[in-house]
Number of protein chains: 2
Amino acid sequence: MSPKEPAKPLRIALLGCGSVGSEVARILLEQSSDLTKRVGARLELAGIAVRRLSHQRSAGLDPALFTADALSLATRPDVDIVVEVIGGIEPARSVILAAMKAGKSVVTANKALLAENGAEIHGGSAEYGVDLYYEAAVAGGIPLLRPLRESLAGDRVRRVLGIVNGTTNFILDRMDTAAADFTETLEEAQALGYAEADPTADVEGFDAAAKAAILAGLAFHTEVTAADVHREGITEVTAADIASARSLGRVVKLLAICERSDRGVSVRVHPAMIPRTHPLASVGGAYNAVFVEAESAGSLMFYGAGAGGTPTASAVLGDIVAVARNRLAGSLGPALSTYAGLPVLPMGDTLTRYHVSLDVADRPGVLASVADAFARHGVSIRAVRQEGRGDEAQLVLVTHEARDAALSATVRDLVSLAVVRAVVSVMRVEGEEAPS
Amino acid sequence: MSPKEPAKPLRIALLGCGSVGSEVARILLEQSSDLTKRVGARLELAGIAVRRLSHQRSAGLDPALFTADALSLATRPDVDIVVEVIGGIEPARSVILAAMKAGKSVVTANKALLAENGAEIHGGSAEYGVDLYYEAAVAGGIPLLRPLRESLAGDRVRRVLGIVNGTTNFILDRMDTAAADFTETLEEAQALGYAEADPTADVEGFDAAAKAAILAGLAFHTEVTAADVHREGITEVTAADIASARSLGRVVKLLAICERSDRGVSVRVHPAMIPRTHPLASVGGAYNAVFVEAESAGSLMFYGAGAGGTPTASAVLGDIVAVARNRLAGSLGPALSTYAGLPVLPMGDTLTRYHVSLDVADRPGVLASVADAFARHGVSIRAVRQEGRGDEAQLVLVTHEARDAALSATVRDLVSLAVVRAVVSVMRVEGEEAPS
């Protein structure tokens with residue numbers, strides 16, 4: 001073959017043709033010429049697997065491409081690359097493993113599968129010597145996993161703080177700007193198409209927890225599954241929490257937090273108050289952003305559209321180009337490294353800081369009894385503010401770092417104190433330097 | 001060889017041992033165990049080339065590693081990877097080319113060399129079949145080139161707006177917050193170590209222009225050199241410019257701008273006013289951030305420390321790990337693609353928008369003569385604001401997009417108008433959607 005002769009086309013099986021899949025197909029067709037030049041070979045759509053053939057599909061796609069048999073398509077001899085954008089565990093898991101066994105490179109956007117069965121899927125990639133790329137699985141169109149996995153491969157990541165779910169960020173942002181409560185804001189988000197009819201996966205933090213597991217695994221070279229992630233959603237965030245945060249110059253965000261300490265890693269998803277001056281605080285609407293603290297690189301932030309068919313398709317296409325180049329070169333991308341094997345700490349052992357806002361009786365000795373509840377659990381108070389209003393007062397406390405279990409035990413004690421009339425707001429605090 | 005037997009060590013020649021080089025050496029030694037596990041082979045320091053052997057070097061480095069002969073070290077048979085952190089054109093250029101010829105993988109942080117002689121250096125990498133990685137050349141520790149080159153390989157980048165020079169960002173930020181003028185702020189930056197004794201490369205925009213050339217080349221698959229970049233520094237930014245920007249809810253930043261239009265690409269570095277609500281506006285101090293607009297991915301931003309020995313070393317180490325993995329796999333990273341070969345537009349043909357602030361006589365007909373100057377050059381006015389102060393008035397105009405040549409010709413005409421007492425501020429405006 002002369003060096004000028006073009007390589008033979010690489011053929012792509014597309015599994016799924018929803019909002020992401022249809023965009024992937026469109027871009028493959030519309031930007032065929034650019035992609036050919038970037039890859040060094042033409043990328044051809046070999047077929048598209050959909051659940052029901054009867055559904056109307058995007059204009060411009062040859063009806064002959066469609067099949068309802070994903071497994072046969074993914075293992076067909078003329079297919080080089082399998083792109084899975086179906087989502088969910090099955091049939092995605094079985095089809096991907098079969099495709100790997102048949103020697104196909106795999107690109108997937110399936111965060112749930114990677115967070116639940118990551119070891120098995122990565123194992124398949126290693127066993128059969130095929131590429132597995134999944135940039136689109138976390139934070140949609142934002143290039144995040146490749147930087148974490150490759151650019152920071154010579155650094156030590158200490159902490160990842162991410163806004164990785166656009167639905168909950170939209171809701172919390174609206175609750176903040178419109179001073180509205182959770183239920184009405186969720187309805188608004190649903191009406192606008194930012195939340196699904198069944199919003200559970202988003203508002204209960206399942207989506208963010210899957211992403212946190214993937215991020216922690218890459219950041220800390222350790223196997224982390226969704227089950228390792230402590231998860232709290234935003235359904236219990238109240239207008240009072242938001243107001244309390246605002247009065248202290250903070251804002252409430254649902255964060256995916258991955259931290260490494262001497263004792264192990266902590267991976268968790270929960271609402272937290274962060275200072276309004278933190279780079280994540282100004283991430284509004286349905287945007288995503290991930291803040292990374294690394295030993296040498298310092299503080300980094302990656303910002304962009306975390307969902308949506310077209311941005312997610314951009315990430316899928318970037319992966320398709322990468323695995324296509326690797327196939328032509330006869331090489332493989334970097335394998336997942338889990339050499340560190342760090343223990344994942346239970347939530348109770350994780351060091352956190354709490355913001356606690358209380359309605360208390362305004363009389364002598366109240367502060368002493370409240371402070372005593374903290375002291376009994378060995379929790380040190382960083383800041384306290386009291387405001388009288390008639391015979392009542394509002395008491396706002398922010399703690400130093402302590403074991404989460406000690407902090408929650410403190411709150412249980414506060415609830416039962418006679419001088420505490422109501423616990424207005426309890427929330428963890430993130431994104432601030434611990435005082436020296 | 002059994003599959004469990006470790007690969008033989010990869011040996012690294014480090015050229016330069018200043019603030020970046022000494023950090024690279026330190027991390028290679030201190031994190032040797034982690035790096036070995038990530039690469040699959042041990043990374044050994046084969047030698048360190050410095051200009052003068054007599055200089056005191058970092059503690060902990062074996063004096064026997066040092067040599068003043070960079071060329072011999074870089075081509076030694078026991079060396080696999082050459083890391084160039086000397087900077088400047090020569091001897092870096094000759095040594096890198098010789099190292100490539102000798103089959104070494106090259107990692108460099110040398111923006112000037114890549115912007116001036118990029119085609120030759122990339123040509124060497126292609127000719128000799130060796131890797132060339134340079135993440136550290138733009139925006140220090142921020143993973144930016146890999147995302148642009150690989151993650152967005154399946155997308156079309158429309159615009160890159162970057163704050164890529166920490167010194168000038170520090171100065172403009174201080175001028176804004178302290179309402180100080182350029183000269184005194186530069187002195188402060190020098191005293192604090194944020195600006196060099198000879199600040200020319202930073203304040204005249206040479207550093208940013210080299211980075212803009214590299215970014216535009218990667219973003220648009222087109223060869224762009226430093227000479228193609230229109231360059232204006234910040235030495236003529238006045239306190240009046242900053243105040244005028246502030247009064248309109250804008251802030252002044254030195255931007256590296258790479259834009260693609262139907263007619264070609266525009267690559268330029270100049271101060272510009274951006275809205276305070278733009279994600280780049282809140283990038284303060286010596287931080288860097290790069291805002292990327294891509295057809296599918298939408299708006300992305302990458303933020304972090306753009307300079308400094310340790311952050312830059314993080315980027316260099318990431319590249320070392322990548323080229324080391326490639327060497328072990330017998331593969332190469334993606335080659336530079338310049339297939340698009342788009343024309344680089346002269347500045348006069350670039351479409352920009354101007355902010356113009358004038359002191360004018362406050363009498364009938366003034367606005368008409370000023371508006372007429374714009375109309376004569378076919379420049380359409382987007383917004384105008386007039387404020388009377390006694391017999392004078394301040395007139396602030398923001399234009400629609402027009403050819404830069406037409407805009408600057410308009411300003412020349414304004415200067416000569418009898419009713420214009422002073423041109424207070426003229427600056428380009430960026431980062432806003434053109435009105436529909």
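Pairs only if they're at least six apart or on different chains, beta carbon under 6 angstrom, first in region B:170-196 and outside any helix (DSSP H, G or I), second among the small types (Gly, Ala, Ser); list them, first residue then second. Listed by first residue and then by second, the contacts come to B:181/B:239; B:194/B:286; B:195/B:189. When we screen A:357, A:369 for residues that are surrounded by fewer than 21 Cβ atoms within 10 Å (Cβ to Cβ), more than 20 Å from residue A:211 (Cβ to Cβ) and outside the structural domain of residue A:16 (by TED's automatic domain parsing), the only hit is A:369. Here residue A:142 qualifies as crowded, with 20+ Cβ neighbours inside 10 Å, in contact (Cβ under 8 Å) with a residue 40 or more places away in the chain, within 30 Å of residue B:133 (Cβ to Cβ) and in contact with a strand residue (DSSP E or B) (Cβ under 7 Å, 6 or more places away or on another chain).
Take the conditions surrounded by fewer than 18 Cβ atoms within 10 Å (Cβ to Cβ), more than 22 Å from residue A:154 (Cα to Cα) and either in the same structural domain as residue B:166 (by TED's automatic domain parsing) or among the basic types (Lys, Arg) (or both) and apply them to residue B:51. Does it pass? Here the answer is yes, as residue B:51 does meet what is asked. Scan region B:416-425 residue by residue and report those that are assigned to a loop (DSSP other than H, G, I, E, B) and surrounded by 15 or more Cβ atoms within 10 Å (Cβ to Cβ). Listed by number, the residues that qualify are B:417, B:419. Being more than 7 Å from every other protein chain (Cβ to nearest Cβ), farther than 17 Å from residue B:280 by Cβ and of a type in the set (A, V, I, L, M, F, W, C) narrows it down to one of A:297, A:289, A:307, so name that one. It is A:307. Applying the set (1) touching a residue at least 60 places away in the same chain (Cβ under 8 Å); (2) in contact with a Ser or Thr (Cβ under 8 Å, 6 or more places away or on another chain); (3) surrounded by fewer than 17 Cβ atoms within 10 Å (Cβ to Cβ) to residue A:428 leaves exactly one unmet item: (3). Taken over region A:290-311, the criterion of being under 21 Å from the mean Cα position of the chain (by Cα), of a type in the set (Ser, Thr, Tyr) and outside any helix (DSSP H, G or I) is satisfied by A:299, A:303.
Every condition in (1) in contact (Cβ under 8 Å) with a residue 12 or more places away in the chain; (2) part of a helix (DSSP H, G or I); (3) farther than 18 Å from residue A:355 by Cβ is met by residue A:242 except one, and the failing one is (3). Looking only at residues of region A:326-339 that are more than 8 Å from every other protein chain (Cβ to nearest Cβ) and under 21 Å from residue A:157 (Cβ atoms), we find that the one that is surrounded by the fewest Cβ atoms within 10 Å (Cβ to Cβ) is A:335.
For residue A:112, state whether it is within 12 Å of chain B (Cβ to nearest Cβ) and among the hydrophobic types (A, V, I, L, M, F, W, C). Against the criterion (within 12 Å of chain B (Cβ to nearest Cβ) and among the hydrophobic types (A, V, I, L, M, F, W, C)), residue A:112 does not qualify. Let me confirm something: among B:211, B:253, which residue is basic (Lys, Arg), at pLDDT 95 or above and assigned to a helix (DSSP H, G or I)? Of B:211, B:253, the one residue that is basic (Lys, Arg), at pLDDT 95 or above and assigned to a helix (DSSP H, G or I) is B:211. The set of residues from region A:260-290 being among the charged types (D, E, K, R) and within 27 Å of residue B:297 (Cα to Cα) comprises just one member, A:276. Among the conditions (1) farther than 24 Å from residue B:151 by Cα; (2) among the β-branched types (Val, Ile, Thr); (3) not in a helix (DSSP H, G or I), the only one that residue A:222 does not satisfy is (1).
Which one of these is closer than 22 Å to residue A:205 by Cα and hydroxyl-bearing (Ser, Thr, Tyr): A:247, A:282?
Answer to the selection: A:282.
Among the residues of region A:151-165, those that are within 12 Å of chain B (Cβ to nearest Cβ) and buried (at least 24 other Cβ atoms within 10 Å of the Cβ) comprise A:151, A:152, A:153, A:154, A:155. One residue alone among B:59, B:41 is under 20 Å from residue A:150 (Cβ atoms), part of a loop (DSSP other than H, G, I, E, B) and either at pLDDT 95 or above or more than 29 Å from the chain's Cα centre (by Cα) (or both), and that residue is B:41.
Within region B:309-325, the only residue that satisfies the criterion of being surrounded by fewer than 24 Cβ atoms within 10 Å (Cβ to Cβ) and touching a strand residue (DSSP E or B) at 6+ places or on another chain (Cβ under 7 Å) is B:322.
Of the set (1) over 28 Å from the mean Cα position of the chain (by Cα); (2) surrounded by fewer than 20 Cβ atoms within 10 Å (Cβ to Cβ), all apply to residue A:122 but (1). Report yes if residue B:81 is at pLDDT 95 or above, buried (at least 23 other Cβ atoms within 10 Å of the Cβ) and touching a helix residue (DSSP H, G or I) at 6+ places or on another chain (Cβ under 8 Å), otherwise no. Answer is yes for this residue. Screening residue B:275 against (1) under 23 Å from residue A:311 (Cβ atoms); (2) facing chain A (nearest Cβ under 7 Å); (3) not aromatic (Phe, Trp, Tyr) leaves a single unmet condition, (2).
Screening residue B:320 on (1) within 30 Å of residue B:79 (Cα to Cα); (2) in a loop (DSSP other than H, G, I, E, B) shows it passes everything except condition (2). Sub-8 Å Cβ pairs linking a first residue in region A:32-52 that is closer than 30 Å to residue B:341 by Cβ to a second residue that is surrounded by fewer than 20 Cβ atoms within 10 Å (Cβ to Cβ) and hydroxyl-bearing (Ser, Thr, Tyr), at least 6 apart or interchain, are A:37/B:337; A:37/B:339; A:38/B:337; A:38/B:339; A:42/A:32; A:42/A:36; A:43/A:32; A:43/A:36, ordered by first then second residue. Can we say residue B:259 is at pLDDT 95 or above, among the charged types (D, E, K, R), within 18 Å of the chain's Cα centre (by Cα) and surrounded by fewer than 24 Cβ atoms within 10 Å (Cβ to Cβ)? Considered against the rule, which asks whether it is at pLDDT 95 or above, among the charged types (D, E, K, R), within 18 Å of the chain's Cα centre (by Cα) and surrounded by fewer than 24 Cβ atoms within 10 Å (Cβ to Cβ), residue B:259 comes out as yes. Within region A:4-17, is there a residue that is within 14 Å of another protein chain (Cβ to nearest Cβ), modelled with pLDDT under 95 and in a helix (DSSP H, G or I)? Within region A:4-17, not a single residue is within 14 Å of another protein chain (Cβ to nearest Cβ), modelled with pLDDT under 95 and in a helix (DSSP H, G or I). Going through (1) hydroxyl-bearing (Ser, Thr, Tyr); (2) assigned to a helix (DSSP H, G or I); (3) more than 9 Å from chain B (Cβ to nearest Cβ) one by one, residue A:314 falls short only on (3). Among the residues examined, residue A:284 qualifies as within 21 Å of the chain's Cα centre (by Cα), within 14 Å of another protein chain (Cβ to nearest Cβ) and part of a loop (DSSP other than H, G, I, E, B). Suppose we keep only residues that are assigned to a loop (DSSP other than H, G, I, E, B) and either under 15 Å from the mean Cα position of the chain (by Cα) or modelled with pLDDT under 95 (or both) within region B:199-208. Which one would you say is surrounded by the most Cβ atoms within 10 Å (Cβ to Cβ)? Only one residue tops the list, namely B:205.
The values are calculated or read from the model by the stated rules, or taken from the named source; none is laboratory data. Because the structure is a prediction, the values reported are computed rather than measured. Reconstructed Cβ throughout: ideal geometry from the backbone, glycine too, with neighbour counts over all protein chains shown.
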